[in-house]
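J.: Sharing a structure, written as structure tokens. Questions coming.
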Ligand code: THU
């Protein structure tokens, strides 16, 4: 992804942050998922009064990508309203891993627009994967 596109994605993440539905935690998170077929899909966290039903921004963005038929992720960007840099939670690391190409980068965007990068393998070493259809055999 070019620097110009990265700038555009970061700007869009900041623009979308107020759209997060986070009346309980007050923490707004936005996420962009870049796919190998050239799409960029966005999501925000969507909380619920029944707390466990809340959705992380990463899950929203992955859902948007899969809905479009794009299931190979090359890069994930995350921004939040917190003063510190935010990395995907454990559950979202696994959700990303499901669709990540090898070496998929996670880019954490700080409030002042600084970018920190890690690969999904750094964030989720020895991640769990199944061959499609393999899980139900006994
Ligand atoms: N959150 C995300 O959207 N992504 C993460 O990776 C970490 C946490 C959301 C969930 C909840 O709505 C709020 O941040 C506070 O935990």
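J.: Over the stretch 1-74, what is the mean sequence separation of C-alpha contacts under 8 Å (at least six apart), divided by residue count, expressed as relative contact order in percent?
T.: In percent, rounded to a whole number, it is 27.
J.: Roughly how many nanometres apart are two label points built 7 Å out from the Cα toward the Cβ at residue 117 and residue 8?
T.: 1.9 nm
J.: Considering the chain as a Gaussian network with a 10 Å cut-off on Cα pairs, which listed residue, 111, 18, 83, attains the greatest mean-square fluctuation?
T.: In the Gaussian network model the winner is 83.
J.: Let me ask something additional. In whole Å, what is the distance between the alpha-carbon centres of the stretch 1-61 and the stretch 87-110?
T.: If we compute the Cα centre of each part, the gap is 13 Å.
J.: Here's something else I'd like to know. Please report the relative contact order for the chain, taking Cα pairs under 8 Å with a sequence separation of at least 6, and give it as a percent rounded to a whole number.
T.: In percent, rounded to a whole number, it is 19.
J.: Taking 0.36 nm per intervening residue step and subtracting the Cα-Cα distance, what contour gain separates residue 131 from residue 63 on full extension?
T.: Full extension of this stretch gives 22.4 nm more.
J.: Given 10 °C and 1.306 mPa s, compute D for the chain with the Stokes-Einstein relation, Rh being the Kirkwood radius over Cα pairs; round to the nearest whole µm²/s.
T.: 104 µm²/s
J.: Using the beta-carbon distance between residue 36 and residue 15 and R0 = 35 Å, what value does 1/(1 + (r/R0)^6) give for FRET efficiency, to the nearest 0.05?
T.: Computed FRET efficiency for residue 36 and residue 15: 0.90.
Every number here is computed from the coordinates shown, using simple stated rules; none is lab data. Remember, predicted model here, so these are calculated numbers, not experimental data. All Cβ positions, even for glycine, are placed from backbone atoms using ideal geometry, and neighbour counts span all protein chains on display.
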